[in-house]
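The values are calculated or read from the model by the stated rules, or taken from the named source; none is laboratory data. Since this is a predicted model, take the numbers as computed values, not measurements. Quick reminder, even Gly has a Cβ in these numbers, built from the backbone with ideal geometry, and neighbours come from all protein chains shown.
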Amino acid sequence: MNTSNFSKKESTNGDEQYFVTERHTEQRKKNTKSKTTNFFRRGGKLSNNDGIKYSMFVEIYKMWLDYFNNVTCSGTFKADERLLKIDYHGCLLLITHATNKSLIGIDGFVVHESRQTFQLITKEDKLKTIPKKDTIFQYVVNNKVYILFGNGILQKCYTRGRKPKSIGQIPFLIC
């Protein structure tokens, strides 16, 4: 037994008693929570060290342009409805107005879209999270400038085209 942390005292009846002189003899290691590596457990949020590069999205952008042209050329719905339902993953967006003035002028490809944010990869290979609320975006396709109002698309892309479900309240009647 290591007695360096104990002091010895003899009692009146001849027994030896040991007392702890240090307050903490062993420091416990805190359980540090490991960084979540699973994409879905992180809530779908990407991080800069996921190996995402701007150059990877040039081909995806070309595919997105084909997708955009196919969606806008189909004549089954009105143009406004078709533009509302578009998925913006791979789109090259420019921020023209934002409440945070440091975000104005940032452009990049949309890597991830959540209900309230866009995640853009910039030319410097930096991943920027841009809030949709009170932000105006622009993108150019076929020499036409399209303006996106962030407040109008505060939903996930697959729920934007649906008609909102009205939840009716059942009246409380006393008979």
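Considering only the stretch 1-108, give the strands (runs of 3 or more DSSP E) lying wholly within it that have at least 1 residues that are more than 17 Å from residue 147 (Cα to Cα) and modelled with pLDDT under 70.
Where strands (runs of 3 or more DSSP E) fall fully within the stretch 1-108 and carry at least 1 residues being more than 17 Å from residue 147 (Cα to Cα) and modelled with pLDDT under 70, they are 6-10, 16-20.
Considering the stretch 106-117 alone, what residues qualify as being farther than 12 Å from residue 61 by Cβ and either touching a residue at least 60 places away in the same chain (Cβ under 8 Å) or buried (at least 22 other Cβ atoms within 10 Å of the Cβ) (or both)?
The answer is 112, 114.
For residues that are more than 18 Å from residue 82 (Cβ to Cβ) and among the hydroxyl-bearing types (Ser, Thr, Tyr), scanning just the stretch 123-147, find the one that is surrounded by the fewest Cβ atoms within 10 Å (Cβ to Cβ).
Checking each candidate, the answer is 129.
Determine whether residue 118 is more than 16 Å from residue 141 (Cα to Cα), in a strand (DSSP E or B) and within 16 Å of the chain's Cα centre (by Cα).
yes
Among 120, 103, 84, which is the only one that is in contact with a strand residue (DSSP E or B) (Cβ under 6 Å, 6 or more places away or on another chain) and surrounded by fewer than 19 Cβ atoms within 10 Å (Cβ to Cβ)?
103
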